[in-house]
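Below is one structure, written out as structure tokens, with a few remarks after it.
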Amino acid sequence: VVEMFNHKGGVSKTTSTFHVAWMLTKLGKRVLIVDGDPQCNMTSLFLGDMFEDYYDNDARKRQNIKDGVSAAFEGKPNPIEAIECLSHPKNNMLYLIPGHMDLAEYESPLSLALLGSSSIVTLQNLPGAIYCLIERCAEQYNIDYTFIDMNPGLTALNQIFFMYADGFIAPVNPDPFSIMSLRTLSKTLPRWEKWYKANVESFQSAAYPLPEKTPGFIGEIIQRFNVRNKKPAKAYEDKISEIKDYIEQEFCTAMASESMLFDISNLISRGILQDHCLGEVPDYGSLIQRANEAMLPVFDLDQEAMQTQGLVYTRMDENREKFSKLYRKIGEVIIELLEV
């Protein structure tokens, strides 16, 4: 399980998750995306114009994350079973557990469960319920990697999602609030891990126990900046350096204090990475609009989907190839770190 997490909004968590997950399918992996955000942006991106019809369709509308675990949250005796996951219309290696706007209703009972009420059986079953659904679906569709698209916040729902992760990536923008958000994460994520270590055993007798794992920091993706002369514009260059320095000097130290840090020394010695920055992804420009219309990542656009020709197409295709190389490297790093 891999997660893109930053409680700061507007850092392209959904777009990054979609692109990295798709790239892993190009590297031969079967991938499941879980839409854990009640705003359902990932489901909308995945389904395109079919989004509204999905929830109006009687045969499909209950095949989503919220209804998939409703038995546990409503205290019903029915066991959690795999739902019918969607495969992407243009990628049969990519699957989705659709989101649901009412998933937010589960925040309150999850908060109670995390506040130490695990002695109450119905609450004890809740933190691991969504993980059970994910496991069942992953088994049914022979999934290699699962990505959870989380909401922007330090919520109980995000805390339990974080407990499910094997690795996590921090997407950041080079703006004045990025260091502020990283400072908050430096305190919050180790605190969540301490809570997990202190309480995981009390949930092992639950119908849906918490998984026994420690999420490791894979690295950051710095994105959504403008480029001048093939490098970040000056307004962003200094902020990018500041983010990298903070990650290496402060953030990684905080993660290491709870053993939440992957060893990337081998990747650095081989010249694949220079530090924990997995990639600097500039603004997609007009490619992102074309990609969303085509329900594709920017690196899989063809000339027809780009709707251009001549010199404009040549420039767009050059940018498309740059994004392809960036995301391929991110995908290869994830595979190398998690498949040891």
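Residues considered: G68, G99, G48. Largest GNM mean-square fluctuation over the chain, using C-alpha springs under 10 Å, is found at G48. Taking Cα atoms, how many degrees apart are the long axis of helix 178-199 and the longest axis of the chain, rounded to 10 and kept between 0 and 90? Approximately 30 degrees, to the nearest 10.
For the chain, the longest principal axis of the alpha carbon atoms and the long axis of helix 129-140 meet at an angle near 70°. Of all aspartates and glutamates in the structure, those lying under 17 Å Cα to Cα from K90, and not within fewer than 8 positions of it along the same chain, are D49, E293, D300, D302, E304.
Here's the picture: charge each Lys and Arg Cβ at +1 and each Asp and Glu Cβ at -1 in the chain, and of T155, F299, I268 the one pushed furthest to the positive end of that dipole is I268.
Assuming a viscosity of 0.692 mPa s and a temperature of 37 °C, what translational diffusion coefficient in µm² per second does Stokes-Einstein assign to region 248-340, Rh being the Kirkwood radius over Cα pairs?
Rounded, D is 212 µm²/s.
Taking every DSSP helix (H) stretch of at least 4 residues in the chain, weighting each as -39,500 (n - 2.57) and dividing the sum by the residue count yields a mean residue ellipticity at 222 nm of -13000 deg cm²/dmol. Placing unit charges on the Cβ atoms of the charged side chains and taking the dipole of the chain about its Cα centre, the candidate lying farthest along the positive direction among Y208, P190, Q63 is P190. Segment E248..Q140, full-extension length gain: 34.9 nm, with 0.36 nm per residue of separation and the alpha-carbon distance subtracted. Net length available on complete extension from D238 to S257 is 4.0 nm, with 0.36 nm assigned per residue and the Cα-Cα distance removed. For the residue pairs K26/K244; K8/K29; K13/K244; K26/K322; K8/K197; K239/K322, the C-alpha atoms sit more than 20 angstrom apart in K26/K244; K8/K29; K8/K197; K239/K322. Treating r as the C-beta distance of E339 and K90 and R0 as 25 Å, the FRET efficiency rounds to 0.45. The distance from the alpha carbon centre of region 22-50 to that of region 180-206 is 26 Å, rounded to a whole number.
Over all pairs of different C-alpha atoms in the chain, the reciprocal of the mean inverse distance, the Kirkwood hydrodynamic radius, equals 20.7 Å. Calculated accessible area for region 46-95 comes out at 56 Å² per residue, all protein chains present (probe 1.4 Å; ligands, DNA, RNA ignored).
The stretch between E107 and I268, if pulled fully straight at 0.36 nm per residue, gains 53.9 nm over its current Cα-Cα span.
Given a 1.4 Å probe and the protein chains as shown, S87 ends up with an accessible area of around 60 Å².
Take every DSSP beta bridge whose two residues both sit in the chain; close to 15 percent of them are antiparallel. Cα centroid separation, region 149-164 to region 278-311: 30 Å.
Within the listed set S202, S257, S111, the Gaussian network model of the chain (springs between alpha-carbon atoms below 10 Å) gives the highest mean-square fluctuation for S257.
Quick check for me: using +1 on Lys/Arg Cβ and -1 on Asp/Glu Cβ, what's the dipole size of the chain about its Cα centre, in debye to the nearest 20? Can you show the working numbers first?
Numbers: 33 positive and 46 negative charges, 139 e Å.
Roughly 660 debye for the chain.
From the protein chains alone at 1.4 Å, what is the descending order of accessible area for V298, V340, largest first? Write out the running numbers ahead of the final one.
Details: V298 0, V340 150 Å².
I get V340, V298, largest accessible area first.
Rounded, prolate or oblate for region 98-197? Axes are the square roots of the Cα gyration tensor eigenvalues, ordered a ≥ b ≥ c, and the cut-off for rounded is a/c under 1.5. Oblate shape, in that a/c is at least 1.5 and b/c is the bigger or equal ratio. Of the residues Q223, Q140, Q159, the one that moves most in a GNM of the chain with alpha-carbon contacts below 10 Å is Q140. Note on the chain: with neighbouring protein chains present and a 1.4 Å probe, carbon and sulfur make up 46 percent of its accessible heavy-atom surface.
Using the Stokes-Einstein relation with a Kirkwood hydrodynamic radius computed over Cα pairs, the translational diffusion coefficient of region 14-172 at 10 °C and a viscosity of 1.306 mPa s comes to 99 µm²/s.
The values are calculated or read from the model by the stated rules, or taken from the named source; none is laboratory data. Please read these numbers as outputs of a predicted model, since none were measured by experiment. Reconstructed Cβ throughout: ideal geometry from the backbone, glycine too, with neighbour counts over all protein chains shown. Accessible surface is based on the protein model in full, side chains and every heavy atom, while ligands, DNA and RNA are left aside. Shrake-Rupley method; radii C 1.70, N 1.55, O 1.52, S 1.80 Å.
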